[in-house]
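S.K.: Take this structure, written in structure tokens, and hold onto it; I'll ask about it next.
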Amino acid sequence: MTTPASQIEVVQSTTTGASNQTDLRPHASDAITLEVKSTYSEEVQDLLDDLKYIYGQPSERLGQVLTLLSSAIAASKEAIEFEKKGENIRADEKMLYVQALLGDLFAQRSIGDGFSVVVGALTFAFVNKEGMPFDGPQLFAVLRTLNSIRTAPFCSTEAAIPITEVLEDAGLCVDPAPLSDLLEDAQEAGIVES
Amino acid sequence: MPRKQESLSPSKAYIDTTILTDALLKKNPQGDKARSALKAFDATILPVYAIKEFKSGPLDYFIYLHNKLLSTKSLSQTLRALGTLLSYQKNRPRTAIDAIADLMASGPPRKMTDEEQADLFRGALARLILAAWSKRRKVTTAVSDELSCYSETDPKIEIRTGRFSNPGKICKLYGPNECCLASSLKSRLGDMPKLIDAMKGQTGREHTRRREVLHKLANTPKKPMSAFDCARLGDAYFALYAPSDSKILTTNLRDHIPLATALGKTAIGPDSARPRSESGESARQP
């Protein structure tokens with residue numbers, strides 16, 4: 001069972017910067033912040049119990065990460081359903097929500113290097129789409145990636161590579177495009193010989 | 001109309017470092033061009049020498065960038081430092097650094113701190129480095145010319161510091177041993193003057209070093225060939241070792257054409273490598 005985003009209990013707050021707050025409004029300096037409460041959904045609690053068995057007592061940060069991931073997964077699943085029914089605008093709306101959650105997930109990147117790499121790759125997958133909607137296979141790839149990182153949030157950078165390859169296989173570019181230009185500029189300047 | 005005899009024989013490309021770099025590291029039209037050029041041949045052969053150059057050049061540059069971001073914890077500081085290193089001309093309309101600044105201003109859904117931006121780029125670099133390295137032997141139909149004194153040591157992230165290390169950038173030679181290429185190079189000393197002649201008029205650090213090592217091989221063949229000599233061969237390696245029935249596939253035609261021609265071989269660019277379905281001949285001369 002998944003937890004729809006709307007089920008996350010939120011409290012309006014005017015303070016910013018606290019570690020357990022998430023800003024879901026893009027580019028808004030006076031954004032309404034949302035506090036994710038420490039009472040988790042049944043699904044997140046099950047995951048925390050599983051991870052506790054492997055890693056010991058989970059941190060509050062992990063609980064927040066899993067809650068955010070569950071919301072993103074639920075939204076991705078809804079997007080897939082809408083896309084199947086041809087309701088492309090509603091599918092795209094759901095993906096906008098996933099994109100907003102990625103910013104909050106990235107703010108929790110201290111959980112692990114692999115986690116940071118996967119969330120970063122998803123972020124660039126959205127950025128490189130330049131606002132264009134995701135097609136069916138791409139929606140599935142995003143869902144698979146979110147599911148993978150939810151089951152292994154502490155993975156290493158090396159272990160994150162195959163997780164992100166799913167996105168590339170679906171035709172999404174997960175690298176920041178200007179890195180290619182940066183390499184070309186360095187080759188042109190003679191800093192890099194090849 | 002009967003097909004040309006040449007079209008019946010399989011086309012073969014000998015891949016140089018520029019194509020390997022573009023195919024693995026560039027996600028732009030240049031990279032697309034390299035990837036489709038690789039598909040245009042029946043056989044694509046990657047010498048390990050190209051892997052060695054790739055590791056010590058472009059991959060090492062990205063590793064430097066990763067570590068710079070780790071140390072500054074700031075994308076803006078890193079870009080400023082890069083701007084100085086790249087010494088852009090003042091009238092240059094748009095640089096890669098401008099492109100990164102624009103991307104970070106408009107791309108992510110929420111405003112990120114400078115440190116977050118640095119971490120985002122650092123993660124992307126780490127992913128790109130590891131993914132490119134793991135795919136290096138998979139982009140061509142064959143890998144050839146193994147170098148017995150060179151081991152392809154994996155770049156890795158040090159757990160304690162998070163820094164990338166890139167060991168084994170050049171060959172490892174012990175005691176009086178010389179480079180594993182020495183004996184084959186010294187058995188074809190007649191080729192060295194041809195290559196030196198072909199380089200006439202070419203200036204720059206890379207060419208000077210290449211000329212020095214070719215002179216050393218031609219004039220003092222009894223002197224041992226060092227790991228640095230091997231690294232300095234550069235483009236001459238491809239002219240020397242490309243199979244005679246292959247074409248050297250490179251983006252650096254300016255340097256490769258004279259060297260290849262001097263030894264009766266051909267160098268072509270990715271633009272000249274047309275898809276097999278489009279022409280009877282797989283790859284055409286530029």
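S.K.: Give me the number: length gained by fully extending B:Ser106 to B:Ser148, i.e. 0.36 nm times residue separation minus the C-alpha to C-alpha distance, one decimal in nm. Could the numbers behind the result be given before it?
M.R.: Values: separation 42, 0.36 × 42 = 15.12 nm, distance 4.90 nm.
Additional length available on full extension: 10.2 nm.
S.K.: Starting from region A:129-184, pick out the GluC sites (Glu not before Pro) whose DSSP state is loop and whose Cβ has at most 13 other Cβ atoms within 10 Å. Provide the component values of the computation, followed by the final result.
M.R.: On the way: sites: A:Glu130, A:Glu158, A:Glu165, A:Glu168, A:Glu184; in loops: A:Glu130.
For GluC sites (Glu not before Pro) across region A:129-184 that sit outside H, G, I, E and B with at most 13 neighbouring Cβ atoms in 10 Å, the list reads A:Glu130.
S.K.: Calculate the spin-label point distance for B:Ser76 paired with A:Glu130, positioning each point 7 Å from the Cα along the beta-carbon direction, and give it in nanometres.
M.R.: About 2.7 nm, to one decimal.
S.K.: Can I ask one more? What relative contact order, as a whole-number percentage, does chain B give when Cα pairs under 8 Å and 6 or more residues apart are counted?
M.R.: Working: 386 pairs, mean separation 72.1, N = 286.
It comes to 25 percent, rounded to a whole number.
S.K.: Another question, then. Is there a simple number for the mean count of other chain Cβ atoms within 10 Å of the Cβ of residues in B:155-167, and what is it?
M.R.: Values: counts 0, 2, 4, 0, 2, 0, 0, 2, 0, 1, 0, 0, 0.
The shielding value for this peptide is 1.
S.K.: If you fit an axis through the alpha-carbon atoms of helix B:29-39 and take the longest principal axis of the Cα set of chain B, what angle between them do you get, 0 to 90°, nearest 10?
M.R.: Helix B:29-39 and the main axis of chain B meet at about 40 degrees.
S.K.: Put a dot 7 Å past each Cα toward the Cβ at B:Thr208 and A:Glu42; how far apart are the dots in nm?
M.R.: 7.5 nm
S.K.: In addition: Just to confirm the number: angle between the C-alpha axis of helix B:96-106 and the first principal axis of chain B, 0 to 90 degrees, nearest 10?
M.R.: For B:96-106 against chain B, the angle is about 40 degrees.
S.K.: If you count, for each residue, the other Cβ atoms within 10 Å and average over each peptide, how do A:141-151, A:71-81 line up from highest to lowest? Please list the in-between numbers first.
M.R.: Details: A:141-151: 21.4, A:71-81: 23.1.
Top to bottom by mean Cβ count within 10 Å: A:71-81, A:141-151.
S.K.: Enumerate the residues in region A:118-151 having an amide nitrogen under 19 Å from the point lying 7 Å beyond the Cα of A:Ile89 toward its Cβ.
M.R.: Zone members listed by number: A:131-135.
S.K.: Given points 7 Å out from each Cα along the Cα-Cβ axis, report the B:Ser244 to B:Thr113 separation in nanometres with one decimal.
M.R.: The modelled label-to-label distance comes out at 6.6 nm.
S.K.: Just order B:235-245, B:63-73, B:211-221 by mean Cβ neighbour count inside 10 Å, highest at the front, would you? Write out the running numbers ahead of the final one.
M.R.: On the way: B:235-245: 21.4, B:63-73: 19.2, B:211-221: 16.3.
Result, highest mean first: B:235-245, B:63-73, B:211-221.
S.K.: Please list, in order, the residues from region B:189-213 whose amide nitrogen is less than 19 Å from a point placed 7 Å along the Cα→Cβ vector of B:Ser87.
M.R.: Answer for this model: B:203-209.
S.K.: Ok, one more. Among the lysines, select those whose C-alpha is under 19 Å from the C-alpha of B:Lys52, and discard any that sit fewer than 8 residues away in the same chain.
M.R.: B:Lys26, B:Lys135, B:Lys138, B:Lys156, B:Lys169, B:Lys172
S.K.: What angle, in degrees between 0 and 90 and rounded to the nearest 10, separates the Cα long axis of helix B:253-262 from the longest principal axis of the Cα atoms of chain B?
M.R.: The angle comes out at about 20 degrees.
S.K.: Report, ordered by chain and residue number, the lysines lying within cross-link reach of A:Lys94, taken as a straight Cα distance under 21 Å and ignoring same-chain residues fewer than 8 apart.
M.R.: Cross-link targets: A:Lys77, A:Lys84, A:Lys85, A:Lys129, B:Lys111.
S.K.: All other residues with a Cβ under 11 Å from the Cβ of B:Ala105 taken together, and with Lys, Arg as +1 and Asp, Glu as -1, what is their net charge?
M.R.: Working: positive: B:Lys111; negative: B:Asp98, B:Asp102.
Overall, the nearby charge balance is -1.
S.K.: What average number of partner chain Cβ atoms lie no more than 10 Å from the Cβ of the residues making up A:116-128? Intermediate results must be reported in sequence, preceding the final value.
M.R.: On the way: counts 6, 8, 2, 2, 9, 5, 0, 7, 9, 0, 3, 7, 3.
Averaged over the peptide's residues, the number is 5.
S.K.: What order, most packed first, do the peptides B:144-151, B:43-50 have when packing is the mean number of other Cβ atoms within 10 Å of each residue?
M.R.: On the way: B:144-151: 15.1, B:43-50: 22.5.
By packing density, highest mean first, the sequence is B:43-50, B:144-151.
S.K.: When you look at the Cβ of every residue in B:114-127, what mean number of other chain Cβ atoms sits within 10 Å?
M.R.: Details: counts 0, 0, 4, 0, 0, 6, 10, 6, 4, 16, 10, 6, 9, 15.
Per residue, the average neighbour count from other chains is 6.
Computed from the coordinates by the stated procedures, all read-outs in this text should not be read as laboratory data. Please read these numbers as outputs of a predicted model, since none were measured by experiment. Positions of Cβ are generated from backbone atoms using ideal geometry, with glycine treated the same way; all protein chains shown enter the neighbour counts.
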